[in-house]
Amino acid sequence: MNKSESIIFEYLYNECKKQKEQGKIKSIGCSTMEIANALNLQRSNVSAVLNKLCKEGKIFKLKGKPIIYTVNMSTEADTSIENKQNAILPAINFDNIIGSNKSLKKSIQQAKAAILYPPNGLHTLLLGPTGVGKTMFAELMYKFAIEKGIISPNAPFISFNCADYANNPQLLIAHLFGSKKGSYTGADRDRIGLVDKANGGILFLDEVHRLPPEGQEMLFTLIDKGIYTPLGDIEKKKIGKILIICATTEDVDSSLLTTFTRRIPMTINIPPLKDRTLEERFELICEFFKTEAKRIGKEITVSTNTLRSLLLYSCPGNVGQLKSDIQLGCANSFLKYVSQGKKKIEVHSTDFSNNVRQGLVLYKQYSDKIDKIIKDNVSLSFKPKGTKLMLKSADSNLPDNFYESIEKRIQELKERGVEEEDINFTMSIDIKNYFNRYIKKFEHEVNKEELSKIVDNSIITIIEDFLKTASEQLKRIFPSKVFYGLCLHVSSSIERIYQQKNIINHNLAEIIQKHGKEYGLALSLASKLEKKFNIKIPADEVGFIAMFLCFDENEEILTSKPIIVVAAHGRSTASSMAEVANKLVGSNNVFAYDMNLDKKPKIAYKEIKDLIITNHQGSGVILLVDMGSLRMFGELISEETGIEIRVIDMVSTLLVIECARKALTNNNIHEICEEVKSTVSFLNNYNISFTQTYIPNKDNIIITTCLTGEGSAVKLKNMIEERINLNEKDIQVVPISASDKKEMYNTINILSKNKKIIAIVGTVNPNIYDIPFISAAELFSDSNFIRIKNIVNRIKTPEDFYKDIFEGLENEVELNIADFKPLCIDFIDKIKENITKDIDIYTVSGLILHLACAIIRANNKEEVRNCPKREEIIDVYSKEYDYVKNALSQIEHFYHINFSEDEICYILMIILSISV
C-alpha cells in the first residue's frame, strides 16, 4: 500500500470498528463522500483508491445508494496497519482467482448461483480430493455473499473439520449443536455449539463424511425447519439461520446418507491439479513464489529447470502439496543463502525432494507445451513487491559458443555441488535445448557466398553431398537451416579438435539407441572429414552431427505413452474400473467416461472426443467400451482428429488393468491390443483373476515367471499348489510374465509393497537381492520339491507363532500358561474382529506379555501407575475403551480380578499403537 491507500484504509477500518462497537448491525462502513470529507481529499481520488482496494479484496462494496465500503471485522487483530490488513479475508475473489476463466469457471458459476438463489441461498456440497482448495473456495463463497449483500459484513464464517472428533460421535455432535451439562462424560457445563456461533452467517463442514448418521440426521431439522436441539436438552429448541457448505473427498453415494445429500441442492466439483491447465499451474507456482518472497522479504530467483520440474511432477496432494513443496525448496535455498554467504537467493531443482525433481524426466515428453510457457533463456525473479523476467545473456552467432555454453553450464552445476549423475541427466536435457536454439538462429536463408567467408569451401561441399545422401537414405527433406547450422558447427568442431579441447555429449547413449541410422550416417561424414583434415573425430562429436539429422520442427515425442480411455454406460461403471486399474498398476494412464443412460450419443461423442484430445500424449489411444454406439466412436474420432485409436469392446476390469500394465512399457497400441486379447482370453480360460495377481489375499507369496508369456507361469503355479499345501502357511502363488523385463520388475515392485515375496520360480532369474530363485529345470528334476518345501516350512503359521510366544512365557512369568493361553487368544481374536485387523506380530507379542503381567499385578493387588493419556483415551476412544473393557471381563471372571481404568488404557494404547 502507498501512503494515500494506507490513510484511507486505516480510516475506514477505524470507522467500521467504531460503528460495530456502537451496536450498529447493518450497512457498517462509509461512502466515498464521507471518507473524502473526513480526510479532506478529492472524491475522485478516494473513489479510485477504494475501487483498487476492493479489487485486491482488502475491502468490500455493499449494494445501495450511496455505495457503502466496509472492512470484514469478524476476526480482529492488533491495531497495526499490517495486522489490520491481515485481519481481513485473503486478497482474492471469484473474479481474480487463478483459473476463474478456465478450469474453475463452471465451479464459480455454480457457487455464485448458490449464494444468490432467493431467499437465502442454497446449501452446497463441495467435492474434490485433498488439497484442491475446498476450504478457500468456501471462504470465497462467504466473501461473495457479503459483497452481494446476502449476509451482513460482520456475519460469521465458522469452519469445522468433522474428522477432529470422528472417533467420538457424541462429542462431535455436542461440538456442533451445543450440549447441556451432564449430557455426556465430561460435560461439566452448558456449551454453545458451532451452529449457534454461525447464526446469521455460513457454517463450513469439512470432511462431512466423517459426520455420523445421527449427526447428519440432526442437520435435517436445521436445514428443513431452521431449528435444532442441543445434545441432552430435548425440550429446548433453538432457531438457526445459517447457510451450510459441506466438503468431502469421498464418494457421496457410499459415504453420506441419501436423505442428507438430497437436502443439499447444489453440488460443486473442484478439479484436482492434474485436470487444470499447465498455464494455470504456472500461475499458481508464480503466486506461491511471490508469497515466499514477501515472507522472506528478499528477492528469489528461480531457475528454468525448477519451473519445469514443478510444472510436471506428480502432485497427488494437489495445490496444497504444490505450495508446501515450493516452501520447502525456498527454505533449502534460503539456508544456503545464509550459511554459504551467497549474494542472492537462487532456487534450483536440486533444492527440492526427489519426487519434485522427477518432473524433469517428463520434460522431453512435454517440451512443446512447456516451452510455450517457459522460454529456455528466461528465468524468473520474484521480489517482495513483484515479479520480473530475467533474460539470460543471449548466445552470439559464433559457432564455438555452442560448446562454451555447455562447458559453462557444467561448471555452474559442479560449483553448486550437484552430483555427477544429476549433472549428466540435466545436461542431456540442456544439450537438446542448446542445440535447438543454435539451429533456430538460421531461420532466414544465408547466402552461400557469405557463408564461404567464414567456413572452408571444402566443408561446404562435403556437407552438401552428405545431406543429399542422408536425404535419400532417410527419405527425409532437410530445411536449409540444417545445412547452414551443420556447416558452421563442423567448422567450429574442427577448430576445437585442432586446439585439443574436449567435446562431451551427454545425449550420446540416447542418440545411438534411438537414432541408430542417423548416427551411422554421421559416422560416414566423420570419416570423410578425418581424411580431409587429418584429424580424429570423437564419438561425442559424431553424436552432435547425428542430432542435426534428427532435427524436425514437427517432431513427435518418441517417449510418450499410449493412454487408455474407458467408456461405459452407467453412473460410475467406467470410473470404478479406471480407479482400480490406476491404483493396482501404479500408473495414471487410464481415463474414464461414464455415460448416463439418458445421455444423447451426440453429446457423449463430443465429450469423449474432448477427453481424448485433452489427455492423449502422442502415442495413440486404446478406447475400451461396453456396448452400443460407443463402439463406433473410436473410428469417427480418429478420422476427425488424426489421433490413432484402437477400440476393444466388452470391457472388463481385467481388460482395463492389462491394457494399463502393458502401456507402461510399450508405446505401440496395435501390439498392446493383440497381446491383451490373447492374455485376457487365456486368463479367463484358466479362471485366473488379475486382481488375484495384483492383490493377493495372503501375506506371503511365491512368484512364478515365464519368458514367453504367462502360460508356463500358470502351469508352474498349478504344480506347486498340487504338491505343497500352502493354505496352512498363508502363502499364495502368483504367475507373471517375464517377456518384458520392465513390465516384470514393475509387477514385482507392486507386489512387494504390501506382501512378502518368499521365492521366485521360473525360467528367468530377475536377480533380486534376498529373494531365492528356483529355476523351472530344478523344479522338474526334484520330484519332491525339497528346496521349495524348505522355504515354505520356514514360514510360521499363526499357530506356530502363538506356540513360540507362550512357550517363551512359561519360564518368565508366574502364571499357568495352559489356562492363560486360550483366554488370551480369544481376547486377541475379539480385538481383531471388532477394533482393528491391522495388528502386527510385534504388537501381538507386546500385548500378550503386558496382559500376563497385568494379571499378575491384579492378583498381587499391586498399584498400577497412572496412565498419562487416560482422560484423552476415555474421551476420544470411548467406544474402543468400552469394548476392551467388556472383552477383558472373561479374563477378570476367571482370575477373580478387576482391571483398573489405567490398566485398560495401557492395553488400548498397545492395541492402537498410541505413543505415551
Cross-link pairs beyond the 24 Å C-alpha cut-off, checked among LYS372/LYS481; LYS17/LYS105; LYS803/LYS830 | LYS17/LYS105
Net charge contributed by nearby residues that have their C-beta within less than 13 Å of LEU140 (K/R +1, D/E -1) | +1
Surface accessible to a 1.4 Å probe, GLU472 within the full protein complex, Å² | 140
Starting with the highest mean, order 640-646, 355-361, 485-491 by the number of other Cβ atoms within 10 Å, averaged over the residues of each peptide.
-> 485-491, 355-361, 640-646
Measuring from its Cα centre, the range 760-916 shows a charge dipole (+1 at each Lys and Arg Cβ, -1 at each Asp and Glu Cβ) which, in debye to the nearest 20, is 360
Taking r as the C-beta separation of LYS606 and TYR184 and R0 as 51 Å, the FRET efficiency to the nearest 0.05 is 0.40
So how far, in whole Å, is the C-alpha centre of the range 484-523 from the one of the range 866-905?
-> 76
Lys and Arg at +1, Asp and Glu at -1: add these up for the other residues within a Cβ distance under 14 Å of PRO538 and post the number.
-> 0
Sorted by accessible area (1.4 Å probe), largest first, how do HIS896, HIS569, HIS616 line up?
-> HIS896, HIS616, HIS569
Give me the net charge of PHE204's neighbourhood, meaning all other residues with Cβ under 10 Å from the Cβ of PHE204; Lys, Arg count +1, Asp, Glu -1.
-> -1
Exceeding the 23 Å Cα-Cα cut-off - candidates LYS514/LYS561; LYS106/LYS609; LYS24/LYS61; LYS375/LYS453; LYS344/LYS364; LYS298/LYS342 | LYS375/LYS453; LYS344/LYS364
Could you work out how far the C-alpha centroid of the range 569-615 sits from that of the range 45-68, in angstrom?
-> 45
Show ASP95, ASP253, ASP598 ordered by accessible area, largest first, where the area counts protein heavy atoms only and the probe is 1.4 Å.
-> ASP598, ASP95, ASP253
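The values are calculated or read from the model by the stated rules, or taken from the named source; none is laboratory data. The model shown is predicted, which means the values in this text are computed figures rather than measured ones. FYI the Cβ positions are ideal-geometry reconstructions off the backbone, even for glycines, and counts take in every protein chain you see. In case anyone asks, the SASA skips ligands and DNA or RNA and just uses the protein heavy atoms, side chains included. Shrake-Rupley method; radii C 1.70, N 1.55, O 1.52, S 1.80 Å.
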